[in-house]
Amino acid sequence: MENSHTLKRYTSTLLLLVFVLFSLNAQTGFKEYQGKVIDGRTNKVIEAASLNINNTNISTITNSEGEFTLKVPNQYLDSKVVVTFLGYNTFVVPLSQLADNNYVVTLYEAVTKLSAVNIAAFKNAESLIRKVLSDKSKNVSEGSVFMTAFYRETIKRRNRNVSLTEAVVNILKQPNLSKQRDAIQLWKARKSTDYKRLDTVSVKLQGGPFSTMFLDIMKYPEYIFTDESIGSYNYVFDNPTTINNRTVYVVNFSPKANQLRVNYNGKLFIDVQTLALVSANYVLDVSDMKKTKNLLVKRKPSDVEVYPLEAIYKVDYKEKGDKWYYSYSNLSLTFKVNKKRQLFNKVYTLSSEMAVTDWVENSTDKKIKNKDKLRPSVIITDAISGFSDPDFWGEYNLIEPDKSIESAINKIKKNIEKQKERDKTVNG
């Protein structure tokens, strides 16, 4: 049985983390492509589909409306784009076909079957998961890696945006067996927060990009599967699927008899050939309000109680050569805030996501100076400002904003223009 204090600390760390970043050499010339990815049978948009420039590490993902923007350095304009999504056949298209910026990528679900040999390779699903975790270092780079990533963090009260933060970060990712911590250094960022909509409660995420990076199960398995907790879950094989034309085991997991202080339910996707974790989707069990009250909270007023209504986590990996690399992660938290002597409670949704858009092997053993490192306790919304420059991101790839975020950005820009006009009037 796990120590409840330890489990609470691990769970809180998933939300209350910090980040740092490093800068890869940027290309001065690039071309921008835009489009959408949809399901070929239903015509529904596909969120978090991956687009990668062939034979490079340059990539991006689609937003919640299936839309993407991909910025490609000029030397790769003759390349092809590889579009992948779990459970679908891979789609490859020359960049030249995306030139009209309205290109629709159509993906079709793959039909997947496992041979009798594959099925019989493990006596049960739990033995497969234990094998994946015990051999996790075999499928990752033995050296450190510098990654450029795009990070977005939003806070909503009900359905209204009250805070939006975006950043380009570079991550110094250390090998799984290294005692050195991963580091993130802030490279470029902007934010806007409407504290009036937050009312008397100021909701902030501690840790910024670390909150998503620590979802990397292969580097940080202790945040969900410790040596003690791994046996406290039931594991069941589900129907297999595919990613990038490779067969993938699917394992469902759920807690046994509610044994743990913190319980999760979810799916693990494992490459059949390498036994590398391809993806993980899971949720926090919030059914017991007494157990989860204030669970994800670092600090609060004494007259406030916080109850999580939903906590959803996701992490994806990509293969390059014979190694797998952290690629994308997101979390979405919805919680209710009860304040004494107030008739109505408030509901907030906090979301953050990070997508790796480029990376290089750290062949020169480059370091991030301590003075440049962000601490895991940082509150990124308190550390940055911006939003006035329409070409702010330049050549960096980002996650295309969905309509609600785009609307929030447009309002921010309009408010900035109004303020400029008022300043001109006053100065005049």
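The values are calculated or read from the model by the stated rules, or taken from the named source; none is laboratory data. These numbers were taken from a predicted model, which means no experiment stands behind them. All Cβ positions, even for glycine, are placed from backbone atoms using ideal geometry, and neighbour counts span all protein chains on display. In case anyone asks, the SASA skips ligands and DNA or RNA and just uses the protein heavy atoms, side chains included. Shrake-Rupley method; radii C 1.70, N 1.55, O 1.52, S 1.80 Å.
Things to note:
- Peptide packing for 355-362, 303-310, 93-100 was compared via the average number of neighbouring C-beta atoms within 10 Å per residue; ordered from the highest value, the list is 355-362, 303-310, 93-100.
- Filter on LYS71/LYS267; LYS256/LYS346; LYS291/LYS318; LYS156/LYS293; LYS36/LYS204 - keep pairs with C-alpha separation over 27 Å: LYS71/LYS267; LYS256/LYS346; LYS291/LYS318; LYS36/LYS204
- Listed residues ARG160, ARG261, ARG130 arranged by accessible area, highest first, probe 1.4 Å: ARG160, ARG130, ARG261
- Summed residue charge, Cβ within 12 Å of THR334's Cβ, Lys/Arg positive, Asp/Glu negative: +4
- Counting only protein chain heavy atoms and rolling a 1.4 Å probe, the accessible areas of LYS44, LYS123 rank, largest first, as LYS123, LYS44.
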